[in-house]
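The values are calculated or read from the model by the stated rules, or taken from the named source; none is laboratory data. Bear in mind the structure is a predicted one, so any value in this text is a computation, not a measurement. Here the Cβ positions follow ideal geometry from the backbone for every residue, glycine too, while neighbour counts run over all protein chains shown. In case anyone asks, the SASA skips ligands and DNA or RNA and just uses the protein heavy atoms, side chains included. Shrake-Rupley method; radii C 1.70, N 1.55, O 1.52, S 1.80 Å.
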Amino acid sequence: MFWIKLFILLVGFTFAGLLPYTVKKTIRHTKINLKTQTLSFLSNKSLYGKKHVKEYTRLLFSSAILLYIFFWLLSKFYDLGGYEKLMRDIDICFASLALLAFVPHNINPYSLENLKPTLQRIMHNLLAVVVFLSIPGLIITYQLLILTKIPFLGLTGLIIIGIVILLTIFLFIKTGINGSTELFFINGIAVWSIFVTVVTVLTQSK
């Protein structure tokens with residue numbers, strides 16, 4: 001259990017810090033307008049060049065791998081591997097986030113005459129929706145399963161992710177889906193990840 005805790009600590013903090021830190025760093029070096037554009041615009045080669053597209057791809061794919069490892073370690077530590085829904089949700093989150101990394105954003109108008117860009121744009125948007133729905137869904141599934149094992153972790157974790165979801169919905173209604181809303185969502189997931197990591201490391205092995 002010591003090694004699992006150690007890996008949870010390393011992966012948890014890396015997962016929580018990688019996406020927010022890298023996104024904020026990238027924003028400082030670009031002219032992206034978070035009020036009118038989403039973070040996906042950073043993967044648009046025609047707007048920000050090949051360099052940012054490659055960085056965006058590496059960032060999302062790395063995040064997908066870290067997310068998968070993090071939840072796999074949590075399932076091992078808390079003996080949740082027998083719950084098919086949890087394991088299926090982990091696979092869905094990993095697959096959708098990994099695929100999103102390789103389907104860049106574009107602003108070409110929808111048209112049957114330009115079928116490839118149109119399909120790419122549709123696929124990117126669909127994957128983005130799946131990612132933003134599946135990650136909170138995965139977290140809620142995990143929290144409900146852990147509720148009976150460790151009530152403090154289960155209940156507090158649910159409160160944290162509940163606040164993140166409600167405030168994200170509020171920002172969506174107020175300003176729409178934009179970079180600011182996405183950045184809040186990402187930071188909220190990071191806060192939840194740090195909380196779960198710390199509580200897990202402090203939890204006594206049975």
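Worth a mention:
- Residues of the range 2-40 classified as surrounded by 12 or more Cβ atoms within 10 Å (Cβ to Cβ), more than 22 Å from Ile107 (Cα to Cα) and not hydroxyl-bearing (Ser, Thr, Tyr), total: 17
- Selection within the range 172-206 - open to solvent by 50 Å² or more (accessible area, probe 1.4 Å) and part of a helix (DSSP H, G or I): Phe172, Ile173, Lys174, Thr175, Ser180, Phe184, Val191, Ile194, Val198, Leu202
- Inter-residue pairs, beta-carbon under 8 Å, first more than 17 Å from Leu60 (Cα to Cα) and in the range 30-48, second hydrophobic (A, V, I, L, M, F, W, C) and open to solvent by 40 Å² or more (accessible area, probe 1.4 Å), 6+ apart: Ser46/Ile107; Leu47/Ile107
- Residue check for Leu171: of a type in the set (A, V, I, L, M) and in contact with a helix residue (DSSP H, G or I) (Cβ under 6 Å, 6 or more places away or on another chain): yes
- Scan of the range 64-117 for residues that are charged (D, E, K, R), part of a helix (DSSP H, G or I) and at pLDDT 90 or above, ordered by number: Lys76, Glu84, Lys85, Arg88, Asp89, Asp91
- Taking residues in the range 115-138 that are farther than 16 Å from Phe172 by Cα, and partners anywhere that are among the aromatic types (Phe, Trp, Tyr) and surrounded by 15 or more Cβ atoms within 10 Å (Cβ to Cβ), the pairs with Cβ atoms closer than 9 Å and at least 6 places apart or on different chains are Ile135/Phe185; Leu138/Phe71.
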